[in-house]
Structure formats: structure tokens, C-alpha cells
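**Student:** Quick one: the structure is below, questions incoming.
Just so you know, all these numbers are worked out from the coordinates, no wet-lab data involved. Model, not experiment: these values are computed from the prediction. Cβ atoms come from the backbone with ideal geometry, glycine included; neighbour counts cover every protein chain shown.
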Amino acid sequence: MFPGTRTWQRAFVSTALIFGSIAVALGICEGLARLTWPSSNEAPVPTAVPPGDLPELRTLWDIAMPNVHGISRGHFYRANSAGFRRPEYSETPRPGVFRIVIAGDSVTMGAGVTEEGAYPARVEAMLNAPHGDARYEVLNLGLSGLNIRYVVQRLETIGLRFRPDLVAYGFTVNDIESPAYRASTDLPTYMAHRQLYYRFRDSSSFLLRVVWPRLMSVSDTLLPRPGPTRTTSIKTTFTIRPRGQSSLQVSTVSPRSAASKVCASTVLIHTHLWALSFVHPLERIYARVGEAAAERGLSVTQSLPTFLGRDESALTVGTDDPHPNAAGHELLARAPFHGLRELPSGCWVSRSGSAFVPAPDAR
């Protein structure tokens, strides 16, 4: 036997044992992943087939026009004479009706879902479910492309005309646009990173499907890439205050005195539907926005706990469209419904003086 042969054999056996142990461990982890992680948490929701005799609404101006009817992102879209989604409403609520206005961007509007599928309509249905009649109205003032400044302007010019008893703002992370906002990435860069995050989503290995996005999520948290986690400053983001304190201010936008007639204001913080693992890269931003709102007397509802641990691919409109689909809006509606339940009872007294008791909290 040549010198060193025995040593080489021992090294070979040790290496084989190490790699064999790793292979067995990976096999066990793969089996556990298949047993504990379903391919989807929610069933995909099919897209409605649009009628052929309605125009395609492609731009912001198309959907912002009053009395428009057409197809937007594969679904029927209608705007009433005031220019917001949902049917016609009288400017004064009917007796015995508590009116809520929810304003926001494309998530609130329900881009990619039906009118009834958007979370404001779902919240209305949940509030009215125990009574069997329309005691609550939820007006959807959401419109694609709005940042927080224009959301408030829309509330002032349109929403307050309809004499709401309560105002809610649906906040999306890209609403933070002000002199303190620094955009450090562009759409192609963002989409490339999103594709990297979903690299192994369709892999035959469940272990890769489970582990890879979580590693990306941890990486984005500890070493932020160009994008929302490193571009936002909350210092001058927004100021929204309750009745009697010149409510509904944003940066340098001055409100009208009519805003002080609103009983209460609340903020729902939308969850960006990716990295829904135990570490969410945008969680710190959600917390900072919530703190800024709470400091100004607003109630805050975080929707992230509702989404953590779910499969975002079953909750979005498509791989290239992160807007929530119908299943996503169903989950999103739970957060404001429970958040509204937690408001003080004094916020459930309408302008007419009638006291309302919201639907039981069915957690």
C-alpha cells in the first residue's frame, strides 16, 4: 500500500459521511416541508370575463371620470356622478344609517377585482350581516395612482360632501411621497428583485419554495436593497387629526373647516403582498407610520398580522401585479372590520345623534 493511502481513505469516508448526512437531513426537511406547507393557502380566484360591448378603461383619467362604465383590469368598473366607485349616494345619509368613507389608492379602489370584491364593500357587508338591512354604508373613494396628499384632497373635495360619520384612510407604502421622500429605485429594478424573490416558487422542491423567500425576506430586512425599505422618511409624511383639531392635514395641504365635522378618523395600513413570512421587510415602515398616526390622535389598524404565513401567490392578481385579488381583499377586510370594532363607543354616534353598535367581532 502506498504511503498516505489509509489517510486518503479515511478522509474520503469522512467526506462521504458528511455529505450523506447532509443529504439525509435535506431529505427529512423536504418531507417536512411537503407535510406542513401546502402549495397554496387560498384557492385562486378566476378573473371575470369582461363583456364585449364596454370600453376598456386603461388610464387614471378613464376611471376618474364621473358616470364612467367600462372594463378595468378584467372587471366591470362603474363610477357614480361624484366620480368614485360604487352606486349613487345621496349627499345626506338616510335616517338610521351610519356612513363611513374609506379613501386610498388602487388597493382601496379594488384594482383587479369586482366592485363587491373590494375590501370597502366587504366591510360594509360584514357590518350589516347581523342586521339584515343596510344600517351601515361604506363609500369607496379609492382611486389608482393617488399618494397621501391627493387622498386627502379627494376626501376634502368629494368625501366630506357626503357627510360621513367616520373617515378611514387606507395607507399603502408607496403613498409616502413628499419633499422628504427619496426614490432610489425604478420599476425595472423593483420587478427584477421581485422575480428573484419568486425564483423557486414553482420548484419541484417544497423546501426551496419555503426556505428561499424567507432567506430573501431576512436579507431584505438586515441588508435593505434599493426600494421602499431604504427610501422613506416619516418626518413630514402626514398629519391627520380628529374632530376639533383641524383634521385631515397632509404636509403643506391646508384642510377646509368642514373636516372638523367628522367624528373620528382611522388609518388602515395595507400589507404589501410579498415576503409574508415571519420577517416582513416593510414591517418597520408600517410601525413608523402607525406611530406617526397615533401621535396625531388617530386609531391605527395593522393588516400584517392577518397575512403573515400565507402564500402571497394565491392572494395577488398575478405574478406581475401585486394588487390583492378577491381572496386578498377578503383577508384585508378583516383588519378594518376588527379595527372599527375597537373604536370608542362615542365614535359610533351618527350626526343625527343615533347610537350604533357594530356587528359582533367574529374573529
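**Student:** So how do MET109, MET126, MET65 line up by other beta-carbon neighbours within 10 Å, fewest first?
**Tutor:** Arranged by neighbour count, lowest to highest, MET109, MET126, MET65 become MET65, MET126, MET109.
**Student:** If amide H atoms are built 1.01 Å from N in the plane of the peptide, which residues on other chains or at least 5 residues away come under 5 Å of the amide H of VAL317?
**Tutor:** HIS323, ASN325
**Student:** A further question follows. Using θ = phi - 60° and the Karplus form 6.51 cos²θ - 1.76 cosθ + 1.60, what ³J(HN,Hα) does each residue of the stretch 270-280 get, whole Hz, x for Gly and Pro?
**Tutor:** Rounded to whole hertz, the list is 5, 9, 6, 7, 7, 6, 8, 9, 5, 10, 10.
**Student:** Additional query: Which whole-number percent of Cα pairs in the stretch 70-121 have a distance greater than 15 Å?
**Tutor:** For the stretch 70-121, the share of Cα pairs beyond 15 Å comes to 50 percent.
**Student:** Still on this structure, please answer the following. Collect residues whose amide H, placed 1.01 Å from N in the peptide plane, falls under 5 Å from the amide H of SER72; neighbours closer than 5 in sequence don't count.
**Tutor:** Placed amide hydrogens put LEU57, TYR77 under 5 Å from SER72.
**Student:** Right, something else. Can you work out ³J(HN,Hα) from phi for every residue in the stretch 107-116, in order, using Karplus 6.51 cos²θ - 1.76 cosθ + 1.60 and θ = phi - 60°, giving whole Hz and x for Gly and Pro?
**Tutor:** For the stretch 107-116, the Karplus curve yields 5, 5, 4, x, 4, x, 9, 6, 4, 6 Hz.
**Student:** Using the count of nearby Cβ atoms within 10 Å as a rough guide to exposure, how do TRP274, TRP212, TRP61 rank from fewest to most?
**Tutor:** Result, fewest neighbours first: TRP61, TRP212, TRP274.
**Student:** How much length is gained if the chain between THR15 and PHE356 is pulled fully straight, taking 0.36 nm per residue apart and subtracting their Cα-Cα distance, in nm to one decimal?
**Tutor:** 115.6 nm
**Student:** Express in nm, to one decimal, how much length is gained between ILE22 and HIS131 on full extension, taking 0.36 nm for each residue of separation and deducting their alpha carbon distance.
**Tutor:** 33.3 nm is the gain from fully extending ILE22 to HIS131.
**Student:** Sticking with this structure for a sec: Please report the relative contact order for the stretch 277-353, taking Cα pairs under 8 Å with a sequence separation of at least 6, and give it as a percent rounded to a whole number.
**Tutor:** Averaging sequence separation for qualifying contacts and normalising by length gives 26 percent for the stretch 277-353.
**Student:** List the GluC sites (Glu not before Pro) within the stretch 94-176 that DSSP assigns to loop and that have no more than 16 neighbouring Cβ atoms inside 10 Å.
**Tutor:** Here the GluC sites (Glu not before Pro) that fit, given the DSSP loop and packing criteria, are GLU116.
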